[in-house]
Each structure stands twice: as structure tokens, then as C-alpha cells.
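Every read-out reported here was derived from the displayed coordinates using simple, explicitly stated rules and does not represent laboratory data. Here the structure is a predicted model, which is why all the values come from computation and not from measurement. Positions of Cβ are generated from backbone atoms using ideal geometry, with glycine treated the same way; all protein chains shown enter the neighbour counts.
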Amino acid sequence: MIGAATAMRTDLCGRLRLADAGRTVTVCGWVDRRREHSEHLAFVDLRDRTGVIQCVVDGARDLRGEYVVRVTGTVRRRPEGTANDRLATGEIELADCSVEVLSASEPPPFPLHERTEVDETIRLRYRYVDLRTERLQRNLRARAAVNSAVRRAMEAQGFVEIETPMLIASMPEGARDFVVPSRKEPGAFYALPQSPQLFKQLCMVGGIDRYYQVARCLRDEDLRADRQFEFMQLDVEASFVTRDDVFGAIGEAVAAATEAVTGRRPGEPPLMTWGEAMERFGSDKPDTRFGLELVELTPLFERTGTRVLQAPCVKGIRLPGGAAGPSALTRSRVDELVEAAKRWGAKGLAWMRVVPAAGEATGGGAGGGSGGGAALDAGVAKLLSPAESAGVVSALEAEPGDMVFLVADERPVVRQVLGLLRLELGRPPVGEGGLNYVWVVDFPLFEGLDADGRPVPSHHPFTMPHVDDLDRLEQGSGPDLLDVRSQAYDLVVNGWELGSGSVRIHRADVQRRIFELLGIGPEQAQARFGFLLDAFRFGVPPHAGFAVGLDRLTAVLVGEENIREVIAFPKTQSGADPLTNAPGPIPPSHLGELGLRVAPPA
Ligand code: ASP
């Protein structure tokens with residue numbers, strides 16, 4: 001056992017309190033700041049993982065920032081009027097200090113108190129200094145609390161942690177593999193796991209029944225705020241279960257993690273179908289913390305004479321107070337939004353201000369909300385018939401002072417563009433507005449058709465179709481297949497995809513049909529996943545599973561927008577590690593051993 005006190009120290013800096021007054025203590029840490037007090041005396045703030053304590057040091061000439069020191073002194077109440085109530089130790093200080101320098105430090109590469117103003121590459125280059133900051137200390141501890149809470153929750157439910165290999169054959173998660181060349185077999189490669197997917201399914205064939213792993217996954221994808229090459233997930237699989245059993249197990253782990261970090265246990269997440277999420281929020285990861293929902297206007301414009309609104313789908317959103325009052329959008333902001341909508345794929349973004357109906361305040365309003373108190377003005381308002389204007393006002397429940405936005409296009413484009421516009425207009429920072437967990441269910445099995453008209457799977461090809469849609473899967477082809485639902489589901493929080501999973505295919509006939517539709521012939525299937533298909537010939541239980549992204553979960557719980565803030569040693573946005581300089585070249589001799597030659601840049 002090791003407690004706070006060790007052979008080198010009696011106490012931790014941030015834990016000392018007024019109750020300790022009179023005690024002689026020894027603390028160790030880094031010099032956080034120093035301020036001169038008088039010719040001889042200096043205030044030295046000493047920092048360890050628990051916080052800082054002010055030390056009054058005589059003859060502190062040689063103590064500089066980030067020196068590592070050991071201080072022995074007496075705890076006393078700070079003189080009247082000098083207490084610092086922003087500091088947990090602010091009522092006290094260490095007096096009569098004797099100081100031993102344990103190691104000196106060069107001036108730190110960036111001031112720790114101004115870390116957010118420092119270029120991230122510099123912070124990552126000196127990540128060990130960055131890790132000393134309160135923010136990263138807090139985040140990494142929260143991360144550890146998440147890991148341990150999910151482990152406890154899974155174990156309490158009878159799941160066993162099983163480690164699966166890192167050097168494997170390529171497996172399908174839809175991303176690019178990282179590969180490792182084999183020295184024993186030049187020209188052959190291992191893939192690093194995009195997830196333990198097929199191994200956890202093999203565990204089910206192996207009778208493990210309830211598997212989990214805090215697993216490292218590697219995917220060679222473009223990096224974003226919520227994506228790194230390597231990430232951790234709570235990976236789960238269980239036999240003889242339904243989707244709802246999986247929701248119960250995962251819900252428990254996520255609730256435990258949430259409680260461990262925030263002190264509050266969330267309620268059970270509501271279910272929303274993929275179709276509803278797309279129609280109401282324009283996204284399969286709906287951020288339900290705020291409104292601005294997408295409203296269907298297609299029937300209203302079915303026979304419209306307005307060219308810009310002639311399209312298979314028209315939807316709108318209403319921004320309360322967007323046209324008048326303190327939160328009114330400026331004209332240049334509106335122009336920016338129109339440009340953004342075009343970047344997101346729309347031909348344009350129709351907007352209108354909502355004003356009091358004709359006869360009331362404003363002149364020049366085109367159209368009128370019949371009977372209502374609101375009418376549309378500016379933007380495309382003049383192009384709408386009176387019935388269309390009235391219809392928009394009533395469908396969007398628009399009130400004077402609001403701004404409304406319409407997009408007319410193919411349905412997927414309308415959803416996508418208004419979904420992004422909604423986020424742009426209303427999304428609170430990730431750590432604000434509570435934690436809105438949602439299960440998104442009934443995803444389509446295929447996300448579209450490729451150039452050859454072949455369906456593109458939304459998830460890995462072992463995802464069980466919805467039982468009610470099996471006939472359609474059997475008989476359908478081309479576009480009819482796009483309506484086939486899968487038994488795949490996602491967990492979403494505050495607009496972030498936290499994880500996904502599915503009921504798996506355990507029936508050989510269904511699996512054969514899926515491979516056939518995806519154009520994976522029997523030989524290719526055997527070559528790529530033969531080991532799984534073989535295993536399934538020896539008695540496969542029905543099974544289902546899920547994986548929760550632990551970096552994202554931790555980030556949301558501590559209110560960080562970027563998962564790099566909850567990872568001890570992350571890569572930059574471009575995938576580099578400025579600390580170790582990875583990736584880098586390897587010596588030609590090593591290349592030779594691996595049977596590799598580097599081609600000159602194309
Ligand atoms: N293997 C999936 C993933 O990593 C999760 C699952 O289906 O269990 O996203």
C-alpha cells in the first residue's frame with residue numbers, strides 16, 4: 001500500500017487545509033509561480049497533482065519556474081486580508097520553509113498558465129509539460145474514472161474481459177487499415193485491428209457468452225476533433241440476447257461512467273428511429289439539446305410556381321428572434337449562411353423574415369398569414385403565393401421577429417443541409433445544456449448504391465437485417481434495397497456518435513445473400529472472412545454487440561470539444577506525433593529485412 005505520505009513527503013500540496021495549521025509538513029512538486037515579497041522573502045507556489053500551496057521562502061534566489069523541489073515548512077493561517085478564496089489552500093501558507101532542489105528546469109517551452117494560447121504542435125512536442133496543467137490532470141483522471149466505471153459495470157453484469165490480438169488479418173469496418181509488414185514472410189502484411197469485431201464474434205462461437213474489452217482500435221482515416229488514428233472503445237458482445245438486452249448492458253456502463261465523472265446518473269436514453277432523426281434533425285446523430293427542428297413543407301410546394309422551390313423535397317427551420325431584436329442575424333451573416341449551405345451541397349438557401357401581418361407595423365410585406373399575426377418578408381418572400389406564405393407561417397409556427405430558412409432539393413440534400421444549418425445556428429458547446437443520450441435505431445442496411453448499382457453497406461457486412469425486411473432483401477434489387485432496415489443501432493449524446501452496434505447475422509442463408517448483394521463472391525468471402533464463416537458452421541449462437549468510444553465519452557463528460565484534450569499523447573490533426581516524431585523513416589537495412597523498397601514520391 002502507498003498512501004499520500006511517502007518516504008519523501010508527508011502531505012500533498014493541494015490537500016492541506018486550515019485544520020493542518022501548526023503542523024510541520026514536507027511537500028514535493030514543481031515551482032508553479034514565484035512572487036518577490038521583500039529583499040529576501042519570496043512567495044513560491046508549489047504544485048503537485050492535487051493543486052498548489054503557497055510557501056514563504058527565505059533566500060529563494062535560485063528557484064525558478066518548473067524546478068522540482070522538496071519543501072519542509074509549518075502550516076499557518078495567511079495574514080488577515082491575504083486569503084485567496086479561489087484556491088482550495090487559499091487560507092493557509094507554509095512558513096519557515098527549508099527548500100531542497102531535486103532537479104532544475106530550463107525555462108518551460110510555454111507558460112503553463114497560458115496554454116490555450118500556445119500552438120498545439122508546441123504543446124504536443126512538450127506534452128509532458130502540458131500534462132502538468134490542471135485541465136489535463138483533471139481530464140486524464142476523469143478518463144481513468146470512466147474506464148474503471150465501465151469495467152466495474154460490465155463485470156457486475158457477468159461480462160469477462162478478453163484481449164484480442166493487435167496483429168491480425170484485414171477486417172471490415174469501412175475504414176482503411178494500418179498495416180505491419182511481416183519479416184518472416186516478406187511481402188505479407190498484418191493489419192492492425194479497426195476493432196475486435198470478428199474476434200468478439202468468435203468468442204461467442206467459443207461459448208464465452210458475455211465478452212467485453214477496453215480495446216484499442218486503429219483506423220487510417222482523416223482526423224477531426226472527434227477522431228484519432230487510434231482510439232479506445234468499450235467493446236461488447238453477448239449471446240442469446242436481443243437489441244434491448246444490449247441497450248440494458250451498455251446503458252448501465254454509460255450511466256456508471258457518467259455518474260463517476262459528473263456525480264449524476266442519467267436516465268435511460270430514449271429511442272429514436274433513424275428515419276425520425278433524419279427528418280427532424282437532419283442527422284443520424286441528433287443533438288436533442290435544442291429545438292430548431294426541420295419541418296416538412298413538401299406537400300405545400302408540390303405544385304409551386306416558384307422555380308427555386310420546385311424540388312422533390314422542401315423543408316424549413318425557424319430561428320426564433322433571428323430577424324428582429326437582440327439576436328437578429330445581420331445581412332452579412334445571412335449571406336454567410338447562404339454560402340455555407342452551398343458548400344454543404346444545396347443549390348441555395350431560401351430565407352425570409354417574419355413580420356407582423358399586413359396592416360400591422362411593417363409595410364412591404366409580401367404575402368400574408370391569413371388570420372395569423374405573421375407574414376413573410378424579404379428574401380424569397382415575394383416569390384411565394386399567399387397560400388404558400390400562410391402555409392410556411394403556420395407549419396413553422398412562425399412569429400414576427402423570427403427568421404425562416406427553406407431548402408428545396410433531393411431529400412438527402414435537404415436533410416443534410418438543414419441539419420448542418422441547425423447546428424450552426426443553435427448548437428451549444430458540448431459541455432453545456434445537459435447530456436442528451438439517444439439510441440438511434442432501425443438504420444438502413446445500405447447507405448446507397450455505388451456506380452455499378454450495387455448496395456453499399458452502412459455497417460460491417462455481419463449486421464442482421466430487420467426481420468420484417470428479410471423478404472425484401474431476398475427479392476429486392478437496386479433502389480428497393482435502400483428501404484431495407486438493419487438491426488444496427490447507435491448511441492448518440494449531444495450530437496456526437498458515441499458508439500454503434502448491431503444484432504449479428506448468425507444464419508448462413510442471410511449471410512450468403514448479403515455477400516451476394518455486396519458482390520462478394522463465395523471465393524472472396526472465403527478468402528477474407530473464411531475463418532468466421534467456418535466457425536459459424538460449428539454451432540453459432542445468436543449474438544449481438546456494441547462498442548462505445550471512450551475518448552468521446554470522456555470528452556463529452558468533461559466538456560471538451562476535442563478528444564485530443566482527453567488523450568495523454570495524441571496525434572496532431574495531420575496524424576503526426578511532434579513528441580516522438582512519428583511517423584518517420586526506417587533504416588534501409590530494416591526495409592531490406594522486410595522485403596520493402598520505398599517508391600519515389602509520385
Ligand atoms: N465493431 C463495431 C465498431 O467498432 C461495433 C460493433 O458493431 O460492435 O464500430
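A compact table of results
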read-out	value
Listed peptides 436-446, 387-397 by packing density, highest first (mean Cβ within 10 Å)	436-446, 387-397
FRET efficiency, F43 to Q573 (Cβ-Cβ, R0 41 Å, nearest 0.05)	0.55
Loop-located trypsin sites (Lys or Arg not before Pro) in segment 238-336, at most 15 other Cβ atoms within 10 Å (DSSP)	R264, R303
Angle in degrees between helix 386-395 and the longest Cα principal axis of the chain, rounded to the nearest 10	40 degrees
Spin-label pair R141/E432, simplified geometry with 7 Å Cα→Cβ offset, distance in nm	2.6 nm
Qualifying GluC sites (Glu not before Pro) in segment 265-367, DSSP loop, other Cβ atoms within 10 Å at most 13	E302, E360
Between segment 167-186 and segment 429-484, the Cα center-to-center distance that results, in Å	27 Å
Shape category assigned to the chain from the gyration tensor of Cα positions, a/c cut at 1.5	oblate
Calculated FRET value between E252 and E276, using beta carbons and R₀ = 30 Å, to 0.05	0.75
Within the chain, percent of DSSP bridges classed antiparallel, to nearest 5	95 percent
Cleavage-rule hits (GluC sites (Glu not before Pro)) in segment 77-165: DSSP loop, at most 14 neighbouring Cβ within 10 angstrom	E80, E163
Sites R216 and D119 - FRET efficiency at Förster radius 41 Å, r taken between beta-carbons, to 0.05	0.90
Modelled label reach - T242, point 7 Å along Cα→Cβ, segment 504-526 residues with backbone N closer than 16 Å	504
For segment 1-98: rounded, prolate or oblate by the Cα gyration tensor [a/c cutoff 1.5]	oblate
Potential lengthening between S105 and K184 on full extension [0.36 nm per residue; Cα-Cα distance subtracted]	23.9 nm
Shape call, segment 442-520: gyration tensor on alpha carbons, a/c limit 1.5	prolate
Gain on full stretching of the segment that runs from E339 to L596 - 0.36 nm per residue minus C-alpha separation	87.8 nm
Helix-only [θ]222 nm of the chain, DSSP H runs n ≥ 4, -39500 (n - 2.57) each, per residue, nearest 500	-8000 deg cm²/dmol
Tilt relative to the chain, helix 522-536 - C-alpha long axis, 0 to 90 degrees, to 10	60 degrees
Distance in nm between pseudo-label sites at E424 and E474 (7 Å out along the Cβ direction from Cα)	4.7 nm
Relative contact order of the chain, pairs being alpha-carbon contacts under 8 Å that are 6 or more residues apart, as %	14 percent
Along principal axes, Cα extents of segment 396-550, largest first, whole Å	66, 35, 26
Nearest 10 degrees, 0 to 90: helix 411-426 Cα axis against the chain principal axis	40 degrees
